[in-house]
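S.K.: Here's a structure for you.
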Amino acid sequence: MDFSKLYRPSALNSFQFIALTGVIMSGAAHLIIKYLVANPLPAGFPWLYVCWTALYIVGSLINLFGKPDQHHHH
């Protein structure tokens, strides 16, 4: 089992990449709302992190245990 598929950017699948991008963008939005905007965070905002984590876990499982397609030539 190649655990570098969990952290090496060139080995991430699309689910993992989307989840990491979502965490980074949500974190940036969190900091902007908290320190630069007078409004409080929306009520369900922390659930974004739960969703990104779940998507990353699903993508990691697919990446680690999925079988590559034999007919894919790209």
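S.K.: Counting only residues that are over 17 Å from Arg8 (Cβ atoms) and touching a Gly at 6+ places or on another chain (Cβ under 9 Å), which one in segment 19-71 is surrounded by the most Cβ atoms within 10 Å (Cβ to Cβ)?
M.R.: The residue in question is Trp52.
S.K.: Test Tyr35 against the criterion of being in contact (Cβ under 8 Å) with a residue 12 or more places away in the chain and either over 10 Å from the mean Cα position of the chain (by Cα) or outside any loop (DSSP other than H, G, I, E, B) (or both), and give yes or no.
M.R.: So Tyr35 fails the test.
S.K.: Pairs please, first residue from segment 40-65 and under 17 Å from Ala29 (Cβ atoms), second anywhere and of a type in the set (Val, Ile, Thr), Cβ atoms under 6 Å, 6+ apart in sequence or on different chains.
M.R.: Filtered contacts from segment 40-65: Leu41/Ile33; Trp52/Val23.
No value in this document is a laboratory result; all are computed from the given coordinates. Remember, it's a predicted structure, so these values are computed and weren't measured experimentally. With ideal geometry, Cβ positions are generated from the backbone for all residues, glycine too; neighbour counts draw on all protein chains shown.
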